[in-house]
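Engineer: Please find one structure pasted underneath; my questions will follow.
Since every read-out is calculated from the coordinates, none of them should be taken as a lab result. Because the structure is a prediction, the values reported are computed rather than measured. Positions of Cβ are backbone-derived with ideal geometry, glycine not excepted, and every protein chain shown enters the neighbour counts.
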Amino acid sequence: MLSALRGAVGFLTRLPVGHDEAAWEAFRSQPAAFPLVGYAIGALAALPLLAPVPSATAAVGFLAWLYVLTGINHLDGVADLGDAAVVHGDSERRQEVLADTTVGVGAVAAVGIVFAGLATAGYTLAQLPARAALLVVAGEVGAKTAVALAACLGTATHDGLGAQFTDRLHYRHALAPLVVAFPAVALTWPDPSALVAVAAAVTCGVGMVVWARRTLGGVDGDVLGATAELARVVGLHAGVIAWTLF
């Protein structure tokens, strides 16, 4: 598991850790490493929201720092799926669009929605820094759990990055990441905000698998990357909504 955690850090962040073959091989077989590293990523990502600056400034800092920390590889999946989602045709046609390196309007719109979602969530969270950090952690753990579930439940469309995970994993492996993510639901208890954030992110991940199976024929690296980004946005906003209601 230690090697798997190193591999997860190397894959999910830009930190100079876990880029060796042994760590990568271990990570591919341990989906629980996704949410485990999500706790650390969430704690680090929340730092700009704790700064004594206006909420708008904190929100911009949160958005920028998040991608300094995690990189933009997963955003590429959002862009590719954005183009594939708006194209007319069957799954084969959508697969062709996924493989095309040209950036279309769908890609720009999808990435723009993710940026707007993160910035607006950050703006609200920055108004209550103590709660913000907990919700960012919960949202990140939920998002990483969503990716792990997509890898466990999905079937790869071709021999690529997605297959590196799906060929090693099975639906029986889905329990481990859920168990690891469970403590995150109690971060704001008795306020249910963290619970809602995790549950919404995980639900988004399952929904992505269903959508990918129907429209693309299965899961690939772009689907996994887009799941990470979209589940984070969904989880954060669900947590913010629960926070404002309760």
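Engineer: Return Thr227, Thr120, Thr188 ranked ascending by Cβ neighbour count within 10 Å, so the fewest neighbours appear first.
Structural biologist: By the 10 Å Cβ count, ascending: Thr120, Thr188, Thr227.
Engineer: For segment 87-208, take the alpha-carbon Rg, divide it by the Kirkwood Rh, and send me Rg/Rh.
Structural biologist: 1.04
Engineer: How far is helix 2-12 tilted, in degrees, relative to the longest principal axis of the Cα atoms in the chain, given as a value from 0 to 90 rounded to the nearest 10?
Structural biologist: 90 degrees
Engineer: Can you put Trp24, Trp189 in order, fewest other beta carbons within 10 Å first? Show your work: numbers first, answer last.
Structural biologist: Working: Trp24 18, Trp189 11.
Fewest to most other Cβ atoms nearby, the residues stand as Trp189, Trp24.
Engineer: Cα atoms only, segment 23-72: Rg and Dmax in Å?
Structural biologist: 14.0, 44
Engineer: Another question about this same structure. In which sequence would Tyr39, Tyr171 go, from the one with the fewest C-beta neighbours within 10 Å to the one with the most?
Structural biologist: With the fewest neighbours first, Tyr39, Tyr171 line up as Tyr171, Tyr39.
Engineer: What number, in percent, do you get for the relative contact order of segment 31-245 if the mean sequence gap of Cα pairs under 8 Å and at least 6 apart is divided by its residue count?
Structural biologist: Rounded, it is 30 percent for segment 31-245.
Engineer: Where the only charges are on Cβ atoms (+1 Lys, Arg; -1 Asp, Glu), what is the dipole of segment 31-245 about its Cα centre, to the nearest 20 debye?
Structural biologist: So the dipole magnitude of segment 31-245 works out to roughly 620 debye.
Engineer: Hey, another quick one. Rank Arg213, Arg28, Arg93 by mean-square fluctuation in a GNM of the chain with C-alpha springs under 10 angstrom and give only the top-ranked residue.
Structural biologist: Maximum among the listed residues: Arg93.
Engineer: So what are the three principal axis dimensions of the chain from its Cα atoms, in whole Å, longest to shortest?
Structural biologist: Principal extents (Cα only, largest first): 48, 41, 33 Å.
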